[in-house]
Structures are given as C-alpha cells and as structure tokens.
Ligand code: SAM
C-alpha cells in the first residue's frame, strides 16, 4: 500500500532545488523520468552523458529507493558527478502529473517493468489507456517513450496499447540511432540491473519505442 506516500499538490510544489542542489535557482525540472527505476542503473549510466539534463527515477519500494539515493549521494561526494540525477519514492501509477509539468519530459523509460502475468492482474500493468493519457500529458511533443522487456506477452501488450493511442507513433531503433539517441538505446538494453540479469540468463529483450506526436489527430 502507498498510504504513507506524500504527493505534491502540483509540480510547483516540488522542491527540485533540494533534489538537484547544483542546479538550484535555475527553475529547471526533470526531463528524463525512469518509471520503476529499480536500482538506478539507467540513470547512473546516462547522467554523465547528459550532464545538463535533469533525470528523475521513480521507485515504489522503500529500501530500493533508499539504496538509489545513497548511491547517488556517494557518487556526488566521490567526484562531484551525478548532480543531475535524483529519485523519489512514489507509486508512478498515481498522480504523475502532480510531479511533472505538462510537456516537460523529453524521455520516459519503462525498463523491464513487472509483468503481472495473470489476466486479472493486467490492470496493474504500468502501460494502460488511462496511464498513457498521463504519459502523453507530461511528455513534450517529440519526446520518446522507451519500453523494453524480456516477457514477450508484456512486450506485445505495451506495443499494442501504445500503437492505438492517438498521441503516440512508433519509432524504430534505427531511427533513434540516426537522430543521435544510440547511447540512450544502448543504456536501455544494457545498463539496468534487470537488463543485466536477463543478459546473464541469455534471455531475449524486446524493445518498443514511441514518439509523442506534435498535434492531436482527430
Ligand atoms: N527498471 C529497473 C531495471 O530495469 O532494472 C527495475 C525493473 S523491476 C523488474 C520493476 C521495478 O518497478 C521494481 O523495482 C518495482 O518496485 C518497481 N515498481 C513497480 N510498480 C511501481 C509503481 N507503481 N511505481 C513505481 N515503481 C514501481
């Protein structure tokens, strides 16, 4: 249960300066959001590649989110790096627009999300029509949704829901690489703890990416 979690009333209530002290006073808000970030491998890998882009992980498990916070603090102390990364303990399926202003994100990551195999549990999946409306709201036009999983059924589910949602269009891995996002795609495949586990077990990885379109089509 998440009854103990606090949610900001609106994005203006988020104290981003406390999360990113090196950027205090700039008025910047996160641009990359890693939903269900786990142990934080993606952001740890991407932070030095995009030192001016603020990144936020969202993770529901207490100990795991604390671990990521400690990991970021240690990196900041060690060599002053990773000033642009932070984490909140939150249920990302609730009140996402309370954290991020409209059109503020350029990337949303769903990397190896929990599969919720049983049919009656499908409504607990992190990609659903209701949640897609929220993701479209916080993403800026041109922003990218990255999904990857080792569960083929979940891949097809996420892909199918994103394909029918009018505010997203599919974008191929090749197209992303051609526009300079190859380092992001590589990190999506390889930098997370779950992705590395899948690799050790020689499992398959299915990637599906979508772009937030410019205008709504009616
Ligand atoms: N993305 C990470 C990776 O690739 O290593 C973690 C993958 S792990 C299988 C899924 C993570 O999502 C878990 O850490 C879980 O606690 C988190 N999670 C599940 N539902 C969530 C929710 N509603 N809000 C935030 N985090 C959630």
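The values are calculated or read from the model by the stated rules, or taken from the named source; none is laboratory data. None of the values given here were measured: they were computed from a predicted structure. Because the Cβ atoms are built from the backbone with ideal geometry, glycine has one as well, and the counts that use them run over all protein chains shown.
Take the residues in the stretch 66-80 that are surrounded by fewer than 20 Cβ atoms within 10 Å (Cβ to Cβ) and within 16 Å of the ligand (Cβ to nearest atom), then tell me which one is nearest to residue 186 (Cα to Cα). Out of the qualifying residues, it is 71. Exactly one residue out of 102, 121 is modelled with pLDDT of 95 or more and either assigned to a helix (DSSP H, G or I) or over 15 Å from the mean Cα position of the chain (by Cα) (or both): that is 102. Residue 93 fulfils the conditions (1) more than 16 Å from the ligand (Cβ to nearest atom); (2) under 25 Å from residue 192 (Cβ atoms); (3) assigned to a loop (DSSP other than H, G, I, E, B) except for a single criterion, (1). For the stretch 14-60, the candidate set comprises residues that are outside any loop (DSSP other than H, G, I, E, B) and without any contact (Cβ under 8 Å) to a residue 12 or more places away in the chain; within that set, the residue that is surrounded by the fewest Cβ atoms within 10 Å (Cβ to Cβ) is 18. Meeting the requirement of 1 or more residues that are within 13 Å of the ligand (Cβ to nearest atom), surrounded by fewer than 17 Cβ atoms within 10 Å (Cβ to Cβ) and over 17 Å from the mean Cα position of the chain (by Cα), the helices (runs of 4 or more DSSP H) wholly within the stretch 158-210 are 193-200. Of the numbered criteria (1) in contact with a helix residue (DSSP H, G or I) (Cβ under 6 Å, 6 or more places away or on another chain); (2) part of a helix (DSSP H, G or I), the one residue 154 fails is (1).
Note on the stretch 124-133: residues that are part of a helix (DSSP H, G or I) and either within 21 Å of residue 198 (Cβ to Cβ) or out of contact with any helix residue (DSSP H, G or I) (no Cβ under 9 Å at 6 or more places or on another chain) (or both) amount to 3.
Among the candidates 83, 63, the residue that is within 12 Å of the ligand (Cβ to nearest atom) and either surrounded by 15 or more Cβ atoms within 10 Å (Cβ to Cβ) or free of Cβ contacts under 8 Å to residues at least 60 places away in the same chain (or both) is uniquely 63. Might you check whether a residue that is at pLDDT 95 or above and within 9 Å of the ligand (Cβ to nearest atom) occurs anywhere in the stretch 48-57? The answer is yes, given that some residue of the stretch 48-57 is at pLDDT 95 or above and within 9 Å of the ligand (Cβ to nearest atom).
The set of residues in the stretch 164-197 that are without any contact (Cβ under 8 Å) to a residue 12 or more places away in the chain and more than 16 Å from residue 34 (Cα to Cα) comprises 164, 174, 175, 177, 178, 179, 180, 182, 197.
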